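Student: First the structure, which I've put down as structure tokens, then a few questions once you've had a look.
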Amino acid sequence: DTLAAKYREYGLVEEANNRLNAHNQVLHSTITAGWIGGLLMLLVLLLPLIAAIRYRNMLLIGFLVLVLLNFGVEAMLERQAGVIFYAFIFALLFTQPWKTRNTKP
């Protein structure tokens, strides 16, 4: 609704009528929730990536890089399937019971 209102504000009536979206999850979150929403979206993605790099969790790094690339070209969290995919796989990989960092006693 916010994006359609912005389209109308700038005179883009056809885009507003077709309800075109931004096709970028961070941009879409920033438009709908303001700059705080965009910042939170980036934090939700980048903080786990930093933790995954720190603990050398290659599977989680691969998943988060894939999600970051996908968020750049599609608003993945706008559909229930995207939310379930991200939440389930992220929770599965982030809370894994095995340790991936080489620690010596």
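Student: Extent of the chain along each principal axis, from alpha carbon coordinates, in Å, largest to smallest?
Tutor: Sorted largest first, the three principal extents are 65, 25, 16 Å.
Student: Can I ask one more? Are there trypsin sites (Lys or Arg not before Pro) in region 1-63 that DSSP marks as loop and that have at most 16 other Cβ atoms within 10 Å, and which are they?
Tutor: Working: sites: Lys6, Arg8, Arg19, Arg54, Arg56; in loops: Arg19, Arg56.
Hits after loop and neighbour filter: Arg19, Arg56.
Student: Per DSSP H run of n ≥ 4, the term is -39500 (n - 2.57); total these for the chain, divide by its residue number, and report the mean residue ellipticity at 222 nm rounded to 500 deg cm²/dmol.
Tutor: When only DSSP H runs of four or more count, the value is -23500 deg cm²/dmol.
Student: Same structure, new question: Would you work out which of Tyr10, Leu46, Phe94 lies farthest towards the positive end of the dipole of the chain, given +1 charges on the beta-carbon of Lys and Arg and -1 on that of Asp and Glu, about the Cα centre?
Tutor: Phe94
Student: Keeping the other protein chains in place, figure out the carbon and sulfur percent of the accessible area of the chain, with a 1.4 Å probe. Can you show the working numbers first?
Tutor: Details: 4980 of 7480 Å².
Answer for the chain: carbon and sulfur cover 66 percent of the accessible area.
Student: Using a probe radius of 1.4 Å on heavy atoms only, what accessible surface per residue do you get for the chain? Whole Å² is fine.
Tutor: Per-residue accessible area for the chain comes out at 71 Å².
Student: For region 54-93, what are the per-bin percents of Cα-Cα distances with bins 10 Å wide, up to the bin holding the maximum?
Tutor: Spelled out per bin, shortest first, that is 29, 55, 15, 1.
Student: Which value, to two decimals, describes the C-alpha radius of gyration of region 19-65 once divided by 2.2 N^0.38 Å? It would help to have the intermediate numbers written out before the result.
Tutor: Numbers: Rg = 13.0 Å, N = 47, 2.2 N^0.38 = 9.5 Å.
Rg over 2.2 N^0.38 Å, computed on Cα atoms: 1.37.
Student: Express in whole angstrom the spacing between the alpha-carbon centres of region 1-16 and region 48-73.
Tutor: Cα centroid to Cα centroid, the span is 34 Å.
The values are calculated or read from the model by the stated rules, or taken from the named source; none is laboratory data. Model, not experiment: these values are computed from the prediction. Virtual Cβ from ideal backbone geometry, glycine too; neighbours counted across all protein chains shown. Just the protein is used for accessible areas: all its heavy atoms, side chains included, with ligands, DNA and RNA removed. Shrake-Rupley method; radii C 1.70, N 1.55, O 1.52, S 1.80 Å.
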